[in-house]
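Okay, so here's the structure we're looking at.
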Amino acid sequence: RPGRGTTFYIFLPRVEGQEEQAAATAEPTAGFAGETILVVEDQEAVRHLMREILETSGYVILEAASGKEAVRISGEHQGQIRLMVTDVVMPGMSGTDLASRLRAQRPEIKVLYVSGYADDSLHEGALDSGDAFLQKPVKAADLERTVRKLLE
């Protein structure tokens, strides 16, 4: 009623056993905790979300907003970078060009390409051995599973 407010009651069914199953799937990846991953994404919100997902899984994350920044970070980082997660389409330098440049510095680095575009910029057949591709929007579970597979 006007001036008195409104009260809503929402009743949700109780489901037994779901909480334990969800907790089991959220555990960090054993054996890969502490591995360093470089996340390169020009959209800040997407980059931060990827960082949060991967940090929750136990990885150490380096972030770059551009290909140029990623090259600089890779050059300055003294430790190993096992994997780079990069957008395919970015201003200034594409993800594929960035991968070529980083492989000159770090030949062992694996690459996970992500893109929201379904154009001809990257085909599954064009991926180097050991690389992978995910279509945006990327689900957290798909990102975690693909990263784990690439690092195995």
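The values are calculated or read from the model by the stated rules, or taken from the named source; none is laboratory data. The structure presented is a predicted model; accordingly, all values stated were derived computationally and were not measured. Cβ coordinates were reconstructed from backbone atoms using ideal geometry, including for glycine residues, and neighbour counts include every protein chain displayed. Just so you know, the surface numbers come from the protein's heavy atoms only, side chains and all, with ligands and any DNA or RNA stripped out. Shrake-Rupley method; radii C 1.70, N 1.55, O 1.52, S 1.80 Å.
Filtering the range 1-57 down to residues that are at pLDDT 80 or above and basic (K, R), which residue is least open to solvent (accessible area, probe 1.4 Å)?
Ranking the candidates gives R47 first.
Among the residues of the range 87-111, which ones are within 18 Å of V147 (Cβ to Cβ), out of contact with any Leu (no Cβ under 6 Å at 6 or more places or on another chain) and not in a loop (DSSP other than H, G, I, E, B)?
Those that are within 18 Å of V147 (Cβ to Cβ), out of contact with any Leu (no Cβ under 6 Å at 6 or more places or on another chain) and not in a loop (DSSP other than H, G, I, E, B): D87, G95, L98, A99, L102, V111.
Residues of the range 37-54 being in a helix (DSSP H, G or I) and within 20 Å of A132 (Cα to Cα), which ones?
V46, R47, L49, M50, R51, I53, L54
Which of (1) in contact with a Ser or Thr (Cβ under 7 Å, 6 or more places away or on another chain); (2) at pLDDT 95 or above does A70 not meet, given it meets every other one?
A70 satisfies every listed condition except (1).
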